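Worksheet for the structure shown next.
The values are calculated or read from the model by the stated rules, or taken from the named source; none is laboratory data. Remember, predicted model here, so these are calculated numbers, not experimental data. Cβ placement follows ideal geometry from the backbone for every residue including glycine, while neighbour counts extend to all protein chains displayed. Just so you know, the surface numbers come from the protein's heavy atoms only, side chains and all, with ligands and any DNA or RNA stripped out. Shrake-Rupley method; radii C 1.70, N 1.55, O 1.52, S 1.80 Å.
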Amino acid sequence: MSAARIQTPLFSNSIESRIRSLDWPQLSANLHEQGWARTGEILTSEECLGLRELYVNDDLFRSRVVMARHRFGLGEYKYFAYPLPDLVTGLRESLYSHLAEVANKWAMHLRDKSEYPRAHHAFIKLCHAKGQNRPTPLMLRYESGGYNCLHQDLYGAVYFPLQTVFMLDQPGSDFEGGEFVLVEQRPRAQSAAHVISPKQGEAVIFTTRWRPVQGTKGHYRVNIKHGVSTVTRGIRHTLGIVYHDAE
């Protein structure tokens with residue numbers, strides 16, 4: 001593997017400090033209350049451009065999925081191969097270290113025996129021990145008319161209950177439509193939708209599968225799926241950070 005693959009001009013050594021400086025008490029409160037949270041802008045426009053430009057370099061990716069072939073929607077995405085680009089690794093590890101506390105509280109509320117170590121490399125060891133060795137961070141690309149059906153990103157028995165998506169284009173300028181959609185499927189109730197329009201460089205942290213909700217007899221599980229509404233103009237790119245690896 002060439003060194004050029006790992007070190008590119010867009011990578012910043014300040015990612016960890018940027019993630020650390022986020023308002024984590026408020027983000028955690030939002031995650032506990034509604035199952036998702038917006039971070040505000042983290043990545044610069046130059047970093048977003050640099051990530052978008054990686055998309056054409058097939059050497060960086062382990063696989064490409066054309067969504068229409070699988071009836072997933074209309075668009076495509078590519079999974080990064082190991083070693084991940086530095087910026088992707090920095091985001092994945094830094095965000096995980098703050099989200100592990102939320103994940104452990106959710107496991108406790110749901111009487112789930114899963115335990116999430118504070119360091120991401122320790123969690124990845126748990127994935128690999130179960131045969132989940134393939135990296136899952138990915139780049140997604142939609143042209144006009146593209147969309148993503150509601151789904152969940154589960155790649156094996158071990159999974160992290162939260163994941164993150166970064167908007168890499170400028171809504172309203174580079175594309176229109178293409179809102180991020182979360183749908184909650186509550187027991188014995190109608191489903192509720194959340195439609196979110198993150199800014200360029202901003203991330204949305206959201207539930208991977210289900211989240212705990214306080215009821216009269218303790219916490220119960222609420223199932224959540226996510227997708228993307230139809231892009232009506234332009235091209236939309238996002239970076240998806242999934243914290244567990246795949247089988």
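Just a few scattered comments:
- Gyration tensor (alpha-carbon) shape descriptor, the range 61-212, a/c threshold 1.5: oblate
- Max mean-square fluctuation residue, GNM over the chain, Cα-Cα springs under 10 Å, options ALA37, ALA103, ALA29: ALA29
- Counting only residues at least eight positions apart within a chain, or on another chain, the lysines with an alpha carbon under 20 Å from that of LYS130 are LYS113.
- Per-residue extension of 0.36 nm, minus the Cα-Cα distance of ALA68 and GLN170, leaves a gain of 34.2 nm for this segment.
- C-alpha center-to-center spacing [the range 16-31, the range 217-247] in angstrom: 19 Å
- By the helix-only formula, in which each DSSP H run with n ≥ 4 contributes -39500 (n - 2.57) and the sum is divided by residues, the chain has a 222 nm mean residue ellipticity of -8000 deg cm²/dmol.
- Phi to ³J(HN,Hα) by Karplus 6.51 cos²θ - 1.76 cosθ + 1.60 over the range 194-203, Hz, x for Gly, Pro: 10, 10, 10, 10, x, 7, 4, x, 8, 10
- For the chain, the solvent-accessible area of protein heavy atoms averages 48 Å² per residue (probe radius 1.4 Å; ligands and nucleic acids excluded).
- Simple spin-label estimate for TYR220 and HIS128 in nanometres, 7 Å along Cα-Cβ: 4.1 nm
- Taking the protein heavy atoms of the range 41-171 in the context of the full set of protein chains, the accessible area attributed to carbon and sulfur is 51 percent at 1.4 Å.
- Relative packing of 63-74, 228-239, which averages over residues the other C-beta atoms within 10 Å, highest first: 228-239, 63-74
- Amide H contacts of PHE80: ARG62, LEU138, MET139, each under 5 Å away and 5 or more positions distant or on a separate chain (H built 1.01 Å from N in the peptide plane; Pro and chain starts excluded).
- Spin-label pair ALA29-ARG118: with each label point 7 Å from Cα along the Cα-Cβ axis, the two points sit 2.4 nm from one another.
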